[in-house]
Amino acid sequence: MLALVKYGKGPKETELRDVPVPKIGEDDLLIEVKAAGICGSDIAYDNGDHPDHLNCPVVLGHEFSGVVSKVGANVKDWKVGDRVVSDNTGYVCGKCFACTTGQYLSCPDRKGLGYGMDGGFTDYVKITGSLLSKNPNTLFRIPEGVSFDEAAILDPICNAYKAIVQESRIMPGEDIVVFGVGPLGLFSIQIAKVMGCANIIAVGLEADGERFKTACKYGATHVIKSDIQNVTEEVDRITNGEKAAAAVDAAGVNVVLRQAIDVVRTGGEIVKIGYDKRPYEYSLDNILDRGVSIKGHFGYDYQSWKNVMRLLVLGKVDLKGMISHHIRLEDWQKGFDLVRSREAVKIIITKDEEKLSQL
């Protein structure tokens, strides 16, 4: 089967290869991939970033959905034909503090599908019985009425849900600033709207013009172009000097954290999603003087997935509108370049001829 393989940890060490279909044991199951989303992390891996996450050679693709194609003799909870989506966990130890408290994504030995173990940029993915015995909620049935495309990009909206709903103390009627208008930022705006936030302030760059339109469509009440406007002054103006209750850093670059500290109120909080491998070069004294909290955030949990799927079924969040392109796996380089150039929001890799975009 054709697969997109990251064969080395350096830049551009990624290529299409013919790989064997995984063999399953008596406790395992095999998923036929129907849709796979391109994530910013996939671009980062292709760029040579986050090498410690990678277990090369490895099939990329951690956002995917599909159908159970084959089950082992001992598998009882799943059957051939079940429509499923994975939270992309491939292995956890099951014994550490994180695992025993249900925080499987924080297991120090965790391997994620699509970077630590073979993922979804191919035809078939293996889910082991060992994983399911330790974390049975790593695989979800796709609700009726939810498409494979939508299910494939549940990962980033579940990420945004946990960041805002589960890890911040934001309350309905309070103001929030979302830095970054990529997929995570746009999903955070959707969740902030669901939460009943008053002013939802999106911060990006002037080049994000089209994405600002999408941000407003999903609930942003104001937009700030940080490269031509003073972010702190604009937030003060919008909030009448009260500043925001919370800020979400879905951009990552260090200057954003500095701006986030300045725009939250005394006792406010910052949830940091985005990465920046460079050292932080600013003083943090301001968070002491004003009692600002900074929360490091990663991923989601079972509650995030369960609740987001319910919101999706009820029509309270939108995933279809976030999909800008459908492509074949063979066109992965064009897809990656569309994400790099910000021309795409979410791209789905599919075999459905009717959905394929003209690139």
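The values are calculated or read from the model by the stated rules, or taken from the named source; none is laboratory data. Only a predicted model underlies this, so the values are computations on that prediction, with no experimental measurement involved. With ideal geometry, Cβ positions are generated from the backbone for all residues, glycine too; neighbour counts draw on all protein chains shown. The area values use the complete protein model at the heavy-atom level, side chains included, leaving out ligands, DNA and RNA. Shrake-Rupley method; radii C 1.70, N 1.55, O 1.52, S 1.80 Å.
Some observations on this one:
- Top-ranked residue in segment 1-30 [being assigned to a loop (DSSP other than H, G, I, E, B) and among the basic types (Lys, Arg); ranked as farthest from Ser341 (Cα to Cα)]: Lys23
- Members of segment 58-114 that are within 19 Å of Tyr124 (Cα to Cα), among the hydroxyl-bearing types (Ser, Thr, Tyr) and over 18 Å from the mean Cα position of the chain (by Cα): Ser69, Tyr91
- The set of residues in segment 130-148 that are free of Cβ contacts under 8 Å to residues at least 60 places away in the same chain and open to solvent by less than 70 Å² (accessible area, probe 1.4 Å) comprises Leu131, Lys134, Asn135, Thr138.
- The set of residues in segment 123-141 that are touching a Phe, Trp or Tyr at 6+ places or on another chain (Cβ under 9 Å) and more than 22 Å from Asn307 (Cβ to Cβ) comprises Val125, Ile127, Thr128, Ser130, Leu131, Lys134.
- Looking only at segment 88-101, residues that are open to solvent by 10 Å² or more (accessible area, probe 1.4 Å), in contact with a helix residue (DSSP H, G or I) (Cβ under 7 Å, 6 or more places away or on another chain), in a loop (DSSP other than H, G, I, E, B) and of a type outside the set (A, V, I, L, M, F, W, C) come to 1 in all.
- Where Val80 falls short, out of the listed (1) touching a strand residue (DSSP E or B) at 6+ places or on another chain (Cβ under 7 Å); (2) buried (at least 16 other Cβ atoms within 10 Å of the Cβ); (3) among the aliphatic types (A, V, I, L, M): (2)
- Search result, residues across segment 217-232 that are over 15 Å from Ala244 (Cα atoms) and open to solvent by less than 70 Å² (accessible area, probe 1.4 Å): Tyr218, Gly219, Lys225, Ser226, Gln229
- Any hit, segment 23-46, residues being open to solvent by 60 Å² or more (accessible area, probe 1.4 Å), farther than 24 Å from Glu167 by Cβ, out of contact with any Asp or Glu (no Cβ under 7 Å at 6 or more places or on another chain) and of a type outside the set (D, E, K, R): no
- Residue count, segment 161-206 (criterion: in a loop (DSSP other than H, G, I, E, B) and either touching a residue at least 40 places away in the same chain (Cβ under 8 Å) or buried (at least 24 other Cβ atoms within 10 Å of the Cβ) (or both)): 12
Condition check ((1) without any contact (Cβ under 8 Å) to a residue 60 or more places away in the chain; (2) assigned to a strand (DSSP E or B)) across all residues:
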position: Glu32; (1), (2): no, yes
position: Asp42; (1), (2): no, no
position: Gly66; (1), (2): no, yes
position: Lys79; (1), (2): yes, no
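- Unique residue being touching a residue at least 12 places away in the same chain (Cβ under 8 Å) and either touching a Gly at 6+ places or on another chain (Cβ under 6 Å) or surrounded by 15 or more Cβ atoms within 10 Å (Cβ to Cβ) (or both) when the list is Pro20, Pro11: Pro11
- Check on Ala151, touching a His at 6+ places or on another chain (Cβ under 7 Å), outside any loop (DSSP other than H, G, I, E, B), at pLDDT 95 or above and open to solvent by less than 30 Å² (accessible area, probe 1.4 Å): no
- The one condition in (1) open to solvent by less than 40 Å² (accessible area, probe 1.4 Å); (2) of a type in the set (Asp, Glu); (3) modelled with pLDDT under 95 that Asp289 fails to fulfil: (1)
- Meets criteria (modelled with pLDDT of 95 or more, of a type in the set (A, V, I, L, M, F, W, C), more than 24 Å from Arg169 (Cβ to Cβ) and open to solvent by 30 Å² or more (accessible area, probe 1.4 Å)) for Leu314: yes
- Scanning segment 317-348 for residues that are open to solvent by 30 Å² or more (accessible area, probe 1.4 Å), of a type in the set (Gly, Ala, Ser) and assigned to a loop (DSSP other than H, G, I, E, B) yields a total of 1.
- Among the residues of segment 58-73, those that are touching a Gly at 6+ places or on another chain (Cβ under 7 Å) and surrounded by fewer than 21 Cβ atoms within 10 Å (Cβ to Cβ) comprise Val67, Val68, Gly72.
- Extreme residue, surrounded by the most Cβ atoms within 10 Å (Cβ to Cβ), among residues of segment 349-359 that are in contact with an Asp or Glu (Cβ under 8 Å, 6 or more places away or on another chain) and in contact (Cβ under 8 Å) with a residue 40 or more places away in the chain: Thr350
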